[in-house]
Structures are given as structure tokens and as C-alpha cells.
Amino acid sequence: MRHFCVSFDTLCPKKVETPPLEQDWYKHLLGAITSAQSKLVGSVRPQPLFDGLLSSLLDLAQSEYGFIGEIHRNADGSPYLKTHAITNIAWNRETQRFFEENIANGLEFHNLETLFGAVMTEQKPVIANSPATDPRRGGLPKGHPPLNAFLGLPLRSGGEMVGMLAVANHPDGYNQDLVDRLEPFLQTCANAIFALRADRARKQAEASLNGERERLRAILDGAFEAIITVDDAGMIETFNARAEAMFGYSARDVCGRHLEMLVPKSQALYYQKALDRRRDPDVEAIAKYTQQVGARRRDGVSIPIEITITEINVGNKRLYTGMMRDLSDLQHAQKRLQTLETELERSRHGHMVGASRAMRRLYSDIEKISPGDWTVLIEGETGSGKELVARAIHAASDRRHGPFVAVNCAGLTDTLLGSQLFGHRRGSFSGALRDQKGFFEAAEGGTLFLDEIGDVSQEVQKSLLRVLQDKQIIAVGDTEPKKVDVRVIAATHQDLDAMVSDGRFRQDLFYRLRVARVPVPPLRKRLDDVGLLVEAFLAEMRIASGKTIGGVSNDALRRLEAHDWPGNVRELRSAIQHATIHCHGETIHCRHLPPELLENCPVVKQREGDHLDAISRALEETGGNRRKAAELLGISRATLYRRLNELNIPAKADTSAAQDKSQA
């Protein structure tokens, strides 16, 4: 698509109305957020969602022009903007034609020497009430309508800038007060972009995996490939192209020669006896017979095959036709197909990665907790994956076919959160033009995940307690309770015990939520999982970036394993994303990692000492059995051998085989 670069998306006039009263302004904000959140429940339909958000933004900011866009990255890592909603930028026939041709897929803006470019590069709000003299403003094309005031705001999700919005031409200009008041709206827009990205990544992953799945199924469906015909003396008469590919011989090489050249020497006598028996005139003809046997390729390698044999008589001559498939390829295809099915299931529900002892305990907790219908409290640090745990519990429960609705309780006022959770009725506040379902009703028959439950106010805590006790909700502006069938899973990074002691959290609600508790380990407590997480994130980044990065170097992996990861798995994902942007080869090295991982890294030796102590204890406990030591440490045997080599631990006799044999 041709890039249409202007200094600001100038923007077809929208009638500027009289600013609403202060109380009505917040009610309008509430209505805009609730409307957007309701559209996010279920599938993400971008056009009505972002069009509605932009319309509300223009009203709230009393502005003439505006847009909401997503940040993308060029191959060199530089950002550019792609709009999801924008007022008309056309000011002549040519620009109108361009707008109409490209608006459906979003307009792209790559010129960073602009006011909105400053938002993307500086990643902070830009207020320009004199754009004509602002040094960050690029030149306007001829005929471009006047730009009297500009406000650009970054949209962040999970600590990452995912997009931005901008408005222009407020009659009195813009100020920091408006920026502060729009914060809940900004978070809603960021959540919308994050949801859209997640949906897009899921579809890309499924498309890629489905493509490989169909290819593998084709292998399985057309598995009978090689066809060979032999006479009753074992002499080969026909040898098709598939047989040539399987065995490495041409038809000219084998026709007229004995079958034994395709048979492992250890099985040659078996084949000969079988042919001898077939020459007995009293032996009944073979209608169809299938068995698994061994075969030998031209290079001498033995392969397992499945062969289906049929017998025909041509004149007085018996011929045997064998249709064969290479079971080594088939078994590989079947295993890969099973892996793909697992990966597809994970891409539908989100997935956790890890094989450490801490993660195995977490998997066990999830398995025990999922079947019931009790409430669950997930406790863990920010970025440790609490929502993934909630999704895993839902996916393994009897409610898995119902909806999973996630709500971030942090940073929302009582009114906003109450309306989002319980819904509101028409006329309950200004802007409530129709009845609106809340998240409890949206999650009917499924699971409602309340993230950051420790941040809700006492008033909302009281309402939640009533729902958990009575299984009923009362919408804002209504008096009649309504029954709901929802499982509640809550999560927090705070110490709720301490909050109860301080009187900041209701004790009765705490006990209602904590029927089942799931502690999520921080990444620093499961550093053995870093390698697996890196591989998972690289697979994700390969889809997102189109780069063919194969892995990370040993030095880079050691540096990743030595970091404390205060931001947990979310920080690791961000680090791999950073490395992907800066890596232009096939391997990520230390120089591609974020600066904070490269500076002042005294913990490397400490981590080595920790690993040395843990490995030594494991080997001592298992009597030198490295297989069992690896299982005890929650790592693969290959990883254990690599660590032994890296830590210069002298190689000793591995008692694995001897102990395994003695226990057999």
C-alpha cells in the first residue's frame, strides 16, 4: 500500500458541541468504557469497537479531528502507525480517493518527524497548543486544513506501548488535566488493541499449525507409497517410483534381482522360507495380508515398514505385490501431528510453559482444583502468569465450553467497576441509553476472572460478597436481583492476609475467595524453565516478525538464566521481543539482549554456585544416577550434561544404566 505521510491526520470536521457539565462528563466516560468492554466480550470485531471508541473520544475531548491507531514495527525496528479508526483526512479529490481506497484496512503513517511521531518515539503524551511553531511538527501539505491544537497519548498494555490516540482542534487547547481524566479511557483502548493482537496472533498460529497438520495428514492418508512385484522365486519384476525414493535404488538396479537385496541380512532366511512355503501347490492363495517387517535401503540402513501383500496368478506363474510405507516417516508424522494438536489446543486457551519442580507442583494444583466449582484465589507476583493459570483451570473444568471473561479491577472507580461487573439499566446515568449486561452476565455458564482483586474498594468488596453468597447480582439502576451461574477465580499480587489485618480487605470476602489457593512461582524460583520459555517466545516472535531466528547462543542463554527477572515471565517475553527486533541473523547473542541484562551482572557466578550446589545434592541423593538427578532437578538429562560441562564438574561414571537394569 502506498504510504500517505502527513504531519497529522487531518480530519474532516465534526461539529463541536458545548462542553458537558463535569458530572455528565464522567457519566459519559463510564458509558463509553462499558460499551467498549461489552464489545470485547466474546469475539473482537475491530471496526464497530474502534469507531465507537473514536466517537466517544471526540465527544469527551470536545475535538474536531482524531484517530486511534496501533503501533507496528518495520524490519529495522522503527515504529509506524496503522489506524483502526480515523476521521476523514481528505482535503481534495486525490486525498479523498486515497482515503476511500485504504480506510478499510487502516491508513499507515511512517513519518516520525511529526507530532504523532513524537508520541511514538518518546512514548509519552504530547500537548501542542501552538502546532505551527512547535519544533516537533513537520510541514503540512498544500491545502491541508489548519491545525490549531493537538493532543497525542500513548496506549500501553503490559508495560509495552501498543498504540496511540490523538485529537485536534479543541477550541481552548489541551492540558494535563484532560490527560489525567482520560486515563481509564486510554486503558480501555489499550485493552482493545491487546485483545485484537492476541486474536490475530492466535489466528496466525492456528493457520500455520493447520497448514502443517493438513500436510502431515496427507502423508498419513497417502501412506501406501512403494509398490514392488516379485515372483514366487523372489525375483523382483516391478519397482515403482515411490519404491525408488524409499530404497534409494532405481528400477533398473533391482528388476531381475532377488528380493534379498532389500531385506536386512538378519531377516533374509525368514523371507526365503516364506517364499518356499508359497510354492507349495496346496497352500491357499493370499487374498490380502498386512504385517510390519524390516527392510534395508541402498545405504545399508534398516527401516521399519508396513507391507500389504496380495497374490495374483498370471498363467501358471504366481506373483506377489507388496504395497509398503516407511513406518519411520509415519511414526514421525504421527508424533508431530500429536504435537500440533496439542499446540493448537494451547493456542485456543493460552498455555503455560515449564518442566521445573515448581511448575510440576503448579500443574498438580491446577489438576486438583479444576474439576470443582469452588472459588479460587491465585497468588503471585506481577507478570508471573496468573491469568494463564486461570485460563488453564477454566479449560480443564466442566465449564470449559462456556465463556472465560477477564476483568482487571485495578485503577477503576467504584462506579466504573460496579457497572462493568453487574451491568446497568437504561437511564441509570447520563448516556445509559439502553440496558447493558455486566461481566457476571457475560460469563454465564463459564468463568469470571477478577485480576488484582486486592485493589477493589470496600463498597465493591461488599457487592462481590453478596454475589458469592447468594449467586445473585443487582445491576446499577435496578432493584431486582438476578440469578447468575458463574465460577469466580480471583488473582492478586498483594498480601491479602496483611490487608485483612490492616482492615483494607474484608475478612469474610477473603475467606469466600480463598476456598482454593494457587501460588504461582516467580520466574527466579524456576530458572530451569528459562530455556523452554525462550523457545516458546521465539516461536511466537517468528510468526509476528517474519524472521527465521533459530535460537539463542549459549552465552546469551546463560545470561538469561542468571537474571533475577523482577518482572517475571512478562519481562522475559519483553527481552526476547527486544532481542528479536535487534537480531538480523539466525542466532540471538548477548549483544541483542536489553541493556539491563548486560550491565552489572554479578549474579552469574552466584547462579553458577546455586546450580553447582543443587546438582551436587541431586547426584548425591540419587547415587550418581543422572537420569534420576535430572528428574529431581526438573530438567532434561541433556540440560544436566550441559550444566555439568559448563560448571566444569568432572565426569564420573553414570550409574543410570546399571541402576535401571538392576530395577528391571
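Bear in mind that the values in this text are calculations on the coordinates, not laboratory data. Every value quoted in this text rests on a predicted model; they were computed, and no experiment measured them. Every residue, glycine among them, receives a Cβ derived from its backbone with ideal geometry; neighbour counts consider all protein chains shown.
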* Amide H contacts of C583 (H built 1.01 Å from N, under 5 Å, at least 5 apart or other chain) -> none
* To the nearest 0.05, what FRET efficiency results for A233 and Q267 with a Förster distance of 22 Å applied to their C-beta separation? -> 0.80
* **Cβ-Cβ FRET estimate between D414 and H589, R0 fixed at 56 Å, reported to 0.05** => 0.65
* Asked: What's the extension gain from D555 to E535 if we count 0.36 nm per residue and subtract their Cα-Cα distance?
  -> 5.7 nm
* Asked: R0 = 56 Å: FRET efficiency of R73 with D299, Cβ-based, nearest 0.05?
  -> 0.75
* Structure fact -> Taking S553, S364 and counting other beta carbon atoms within 10 angstrom, the fewest-first order is S364, S553
* Provide the per-residue ³J(HN,Hα) series for the range 393-405, in order, calculated from phi with Karplus coefficients 6.51, -1.76, 1.60 and θ = phi - 60°, each as a whole number of Hz, with x at glycine and proline positions. => 4, 4, 5, 9, 9, 6, 8, 4, 8, x, x, 10, 10
* Near the amide H of C255, under 5 Å away, which other amide H atoms are found, from residues 5 or more places off or on another chain, if H is placed in the peptide plane? -> none
* To do: Distance check, please: which entries in K525/K628; K203/K471; K124/K462; K27/K482; K368/K462; K386/K437 exceed 32 angstrom between their Cα atoms?
  => K203/K471; K124/K462
* Other-chain or far-sequence residues with amide H under 5 Å of N88's (modelled H) -> C12
* Structure fact -> Length gained if R252 through R360 is fully extended, taking 0.36 nm per residue and subtracting the Cα-Cα distance, is 33.2 nm
* Structure fact -> Residue by residue through the range 498-503, the couplings from Karplus 6.51 cos²θ - 1.76 cosθ + 1.60 with θ = phi - 60°, in Hz, x for Gly and Pro, are 5, 5, 5, 4, 7, x
* Asked: Fewest to most neighbouring Cβ within 10 Å: what's the order for M261, M541?
  -> M261, M541
* Provide, as a two-decimal number, the C-alpha radius of gyration of the range 350-521 over 2.2 N^0.38 Å, N being how many residues it has. => 1.04
* Asked: Could you give me the ³J(HN,Hα) list for the range 99-116, computed from phi with Karplus coefficients 6.51, -1.76, 1.60 and θ = phi - 60°, whole Hz, x at Gly and Pro?
  -> 4, 5, 6, 10, 5, 4, 9, x, 8, 9, 10, 10, 7, 8, 7, 9, 5, 6
